[in-house]
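What follows is a single structure, written as structure tokens, with notes after it.
The values are calculated or read from the model by the stated rules, or taken from the named source; none is laboratory data. This is a predicted model, so every value here is computed, not measured. Glycine gets a Cβ as well: all are built from the backbone with ideal geometry, and neighbour counts include every protein chain shown. Only protein heavy atoms, including side chains, enter the accessible area calculation; ligands, DNA and RNA are left aside. Shrake-Rupley method; radii C 1.70, N 1.55, O 1.52, S 1.80 Å.
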Amino acid sequence: MSSPTGPANGLPVRMPRPRQTGRHRRPEPAVAPEGAPALVLAVPGAPSAASRGLAEEIISIGRSELPGLDARIGFLEGDDASAFPSLSGVLSAVAGERVARAEFARAAGHEVPAPTGPDAVVVPLLAGPDADLLRRIRQALMDSSAAAELADVLGPHPLLAEGLHVRLSEAGLARADRARLFTVTTAADGIVLATTGGEEAVQAAGITGMLLAARLAVPVKAAALDQEGSVAAVAEQLRREGSTLLALAPYLIGPEAADGLLDTACKEADCATAEVLGAYGALGKLAVAQYAAALGISQDAAAH
């Protein structure tokens, strides 16, 4: 994982490359404007070193997508007295820092315009909608002293279908590339796309599932991990339709799922599973894309 604080002492520092000239030069990356709202990544689930490391990796990628971005991490179940600050606490701190900067500028004799826009944009670390978690995130916004905007969840999106494909191929459950002339003997011929958040989340996952099915050329059906019997029922439906070797693809980033949910689902469906999306690189891009969309600004990286 990349470090949120940069390279360790003694390691070489990457210097910026000279700007290319001419008609074929690459476009300059977008840079966050001075005074732009902070991006606060809302991390669900019980805080842990693993979930913090995952969030820091996603934030690091986001900063590389949008240099100058003020990005923070807030835990939905965090404790401000620990290493896992609560979402409401982080938002209040962001608002306080904004006020302090304005007061310092006035004391120095500078004219400070009235603040416009939110103090922060909260991006849920969720692949799809989860009504209960989103309600709790909105409550955290209300409990803070910040003027904050809530962005959309990260999916559905083609980049998430790509991430699911990568995780399946890493587990030996799908070909890494359909164009390659070799077979994977354990490649699944039916995929259960497992998510949390109830029926709304299942419907949203189905959109990404269609994109995944197009990549793999096998049927993909979404199921709810947090609804008893849902995964087993979908697995049985796939088998009735002709699939014989099933795989479970978790449509999850990781922290939002309770411990044991995936293991139970795999036993019920009698199939192998890939890893959760985790710190898949595209998640940092999507977080910045949702931040930019919430602010109504253009962000080149969001289009990739």
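Size of the stretch 155-283 from its Cα atoms: along the principal axes, largest to smallest, the extents are 40, 34, 23 Å. Backbone geometry of the stretch 155-172 corresponds, through the Karplus equation with coefficients 6.51, -1.76 and 1.60 at θ = phi - 60°, to 3J(HN,Hα) couplings of x, x, 6, x, 5, 6, 4, 4, x, 4, 4, 4, 5, 5, 5, 4, 8, x Hz, x marking Gly and Pro. The order of the peptides 120-132, 88-100 by mean Cβ neighbours within 10 Å, most packed first, is 120-132, 88-100.
The S82 and Q237 beta-carbon pair, evaluated with R₀ = 41 Å, returns a calculated FRET efficiency of approximately 0.40. A crude spin-label estimate for the pair M210 and V31, with each label 7 Å from Cα along the Cβ direction, gives 4.1 nm.
3J(HN,Hα) couplings calculated from phi for the stretch 123-138 with the Karplus curve 6.51 cos²θ - 1.76 cosθ + 1.60 (θ = phi - 60°) are, in sequence order, 10, x, 7, 9, 6, x, x, 10, 4, 5, 5, 5, 4, 5, 5, 4 Hz; Gly and Pro show x. Note on the stretch 180-266: with neighbouring protein chains present and a 1.4 Å probe, carbon and sulfur make up 53 percent of its accessible heavy-atom surface.
Distances between placed amide hydrogens fall under 5 Å for G190 paired with L245, A247, all partners being 5 or more residues away or on another chain.
Under 5 Å from the amide H of V121 lie the amide H atoms of A38, L39, V40, E149, each residue being 5 or more positions distant or on a separate chain, with H modelled from the backbone and absent for Pro and chain starts.
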